[in-house]
Structures are given as structure tokens and as C-alpha cells.
1. For segment 88-110, which positions are of a type in the set (Phe, Trp, Tyr) and either in contact (Cβ under 8 Å) with a residue 60 or more places away in the chain or loosely packed, with under 15 Cβ neighbours inside 10 Å (or both)?
2. Which count do you get for residues in segment 28-84 that are over 14 Å from the mean Cα position of the chain (by Cα), at pLDDT 90 or above and not in a loop (DSSP other than H, G, I, E, B)?
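The values are calculated or read from the model by the stated rules, or taken from the named source; none is laboratory data. Bear in mind that the values here come from a model prediction, so they are computed numbers and not experimental data. We place every Cβ from the backbone using ideal geometry, glycine too, and count neighbours over all the protein chains shown.
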Amino acid sequence: MTNYKKYFMRYIYNNILTTKPTVQNPKSIRYLSSTRYPNIPLSINDRYIYTMRGDRLDNLSYKFYGNSSLWWILSIANPELPNDSLYPTIGFQLRIPSNYKQIVSNFDLLNTNNI
């Protein structure tokens, strides 16, 4: 029996994109595109918490932002976290960026595709 491990990539997440058929190329082409994440500067309004047993980045992002899919903001804002897990180390001082709407807006601008 093989032991499979799932690793969560912090900075690169591949999306499958499809080009639109044109006269010159009637077939659509599927390809992978890397997602680019914005820099998250320090702010005087950022919160800091100490993690406890059972804390996960997706649950914490839901608690502070109301959206569990924004866990990547916490991951990028805290580069000392392990790359392969949603579970931070117990007792880790975690920075919670306060300007998440601006971060998501910057993310959208970086990943706009004009295909």
C-alpha cells in the first residue's frame, strides 16, 4: 500500500486555461497558467494572534475575513509557516493582515488574463 501525501503549494497554484478558437487556429488549446500572488506589506492595523491546537489557516481566514478560501493571505503574510500544511505550529505568532479587500483586489489585477 502506497502512502500518499498531499502538499499545499503556497506561491504557485496552477489553473487550466483554454484559448478561444480563431480563424488561424480553429482548435482551442488548454494550458497551465501560474497564479501570481501580491506582496502583503506590514500595516499598523494588522492583528497578531498566537495559534492554538486545532487552528487551521482556512478556519482562521473564515473567522477574520468571513471566507475560508482566503487562507493564502495568511500563508503569504507569514513566510515562516511550513509550506506543506494548513496547520500552523502551536504557539506561533500569526499576523492577520487587516486590508484583505485590497489584497484580493491586487490579486485579481495580477491574474487578469486577456485571452
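1. Phe107 - this is the single residue of segment 88-110 that is of a type in the set (Phe, Trp, Tyr) and either in contact (Cβ under 8 Å) with a residue 60 or more places away in the chain or loosely packed, with under 15 Cβ neighbours inside 10 Å (or both).
2. Residues flagged as over 14 Å from the mean Cα position of the chain (by Cα), at pLDDT 90 or above and not in a loop (DSSP other than H, G, I, E, B) within segment 28-84 amount to 6.
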